[in-house]
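Asker: I'd like to ask you about the structure that follows.
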Amino acid sequence: MRKKIVAGNWKMYTTVEEGISLVNNLIAGLSKEENLNKTVIVIPPALHLTSIIQTAKNSAGKIHVGAQNCYFEKEGAYTGEISPRMLSHAGVEYVILGHSERRQYFNESNQLLAKKTIAVLEEKMTPIYCCGETLEQRESGKYKDVIKAQIEEGLFDLSAAQISNIIVAYEPVWAIGTGKTASPEQAQEIHAFIRSLFALKYGAAIAEQLPILYGGSVKPGNAAELFSQADIDGGLVGGAALKADDFLGIINA
């Protein structure tokens, strides 16, 4: 049975002090749960990572820490970039790759993300590989082709063993900030489609164990219905991850 995962992407929000306070509030909210049967990940801005990692140590292993991005080289003259080796040695366990904002604003290609994915895996961290279609791609009817290309070009050079150490996150970009909403049934359709791609490439057993998260405006009010879908294993949460009560509500869902 696949474990449920709730990951909170803070994006470019919070100061270090605000981030520490947020994690402390999460620790207080999770302290009542003796056996937390899900993985909780907070993903702050890079500047915050060392402070948040230290703070999360007070959670008795209930809160894990991820990074929002990295470069694929171990070191070098790449001003402004952060390497997987740096993240790993700082204590980071997860790295988001290919978030829709990275693809849109920074023109990250599937080929670049393939390099980043391998680099993250080599440092024994878990990539959270994002895929998803825009409104134009959804309305054109070619959205499955888009997602298929993102998956195949970004991940299908990996071995079966490497695939067993990744997380996939589906982001319906068309449903984020557009006033449109992805129904649980629409989300489930794509999650099942993504899982079928891995089954064809790597076999049903590996595909069945692959965690696939939903990243389309998850909130306390819709989390339970989304997470009850057969192929949705949790959420990559944006705005709701910035408020402890909202994030705890999603975790409890």
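Asker: So what's the net charge close to LEU213: Lys and Arg +1, Asp and Glu -1, counting the other residues with Cβ under 14 Å from its Cβ? Before the final figure, lay out each step's value.
Answerer: Numbers: positive: ARG2, LYS3, LYS4, LYS38, ARG195; negative: GLU171, ASP231, ASP233.
Summing Lys/Arg as +1 and Asp/Glu as -1 gives +2.
Asker: Can I ask one more? Under unit Cβ charges (Lys, Arg +1; Asp, Glu -1), what dipole magnitude, rounded to 20 debye, does the chain have relative to its Cα centre?
Answerer: With only Lys, Arg, Asp and Glu charged at Cβ, the dipole is about 280 debye.
Asker: Here's a follow-up. Can you give me the distance in nm between label points at SER228 and LEU135, each placed 7 Å from the Cα along the Cα-to-Cβ direction?
Answerer: It is 3.0 nm.
Asker: Sort out for me the Cα centre separation of the stretch 1-67 from the stretch 183-215, rounded to whole Å.
Answerer: About 26 Å separates the Cα centre of the stretch 1-67 from the one of the stretch 183-215.
Asker: Right, another one. Which entry in (i) 122; (ii) 134; (iii) 154 matches volume of the Cα convex hull per residue in Å³ derived from the coordinates of this structure?
Answerer: (i)
Asker: Return the aspartates and glutamates within reach of LYS38: Cα separation strictly under 13 angstrom, same-chain partners fewer than 8 residues apart disregarded; answer none if there are no such residues.
Answerer: ASP233
Asker: Which pairs in the list LYS219/LYS243; LYS4/LYS62; LYS11/LYS243; LYS11/LYS124; LYS4/LYS219 are over 18 Å apart, alpha-carbon to alpha-carbon?
Answerer: LYS11/LYS124
Asker: Moving to a separate point now. If you take every residue apart from ILE27 with its C-beta less than 12 Å away from the C-beta of ILE27, what net charge results, scoring Lys and Arg +1 and Asp and Glu -1?
Answerer: +2
Asker: What does the extension gain come out to for LYS219 and TYR78, with contour length at 0.36 nm per residue minus their alpha carbon separation?
Answerer: 47.0 nm
Asker: Considering only DSSP states other than H, G, I, E and B, which trypsin sites (Lys or Arg not before Pro) in the stretch 5-93 qualify as loop sites with at most 14 other Cβ atoms within 10 Å?
Answerer: Filter output for the stretch 5-93: LYS32, LYS74.
Asker: Just to be sure I understand the rule: take each whole DSSP H helix in the chain, project its Cα atoms onto its long axis, keep it if the span is 20 Å or more and its mean Kyte-Doolittle hydropathy is at least -1.0. Which ones pass? Don't skip to the answer; put the middle values down first.
Answerer: Values: long enough: 16-30 (21 Å, 1.00); 184-202 (27 Å, -0.09).
Passing helices, by number: 16-30, 184-202.
Asker: Moving to a separate point now. Could you give the nm distance between label points at GLU189 and ALA161, where each point is 7 Å from its Cα heading toward the beta carbon?
Answerer: Reported label-point gap for GLU189 and ALA161 is 3.9 nm.
Each reported figure results from applying straightforward, stated rules to the coordinates on display, with no laboratory input. Nothing here was measured: the structure is a model prediction, and the numbers come from that model. Quick reminder, even Gly has a Cβ in these numbers, built from the backbone with ideal geometry, and neighbours come from all protein chains shown.
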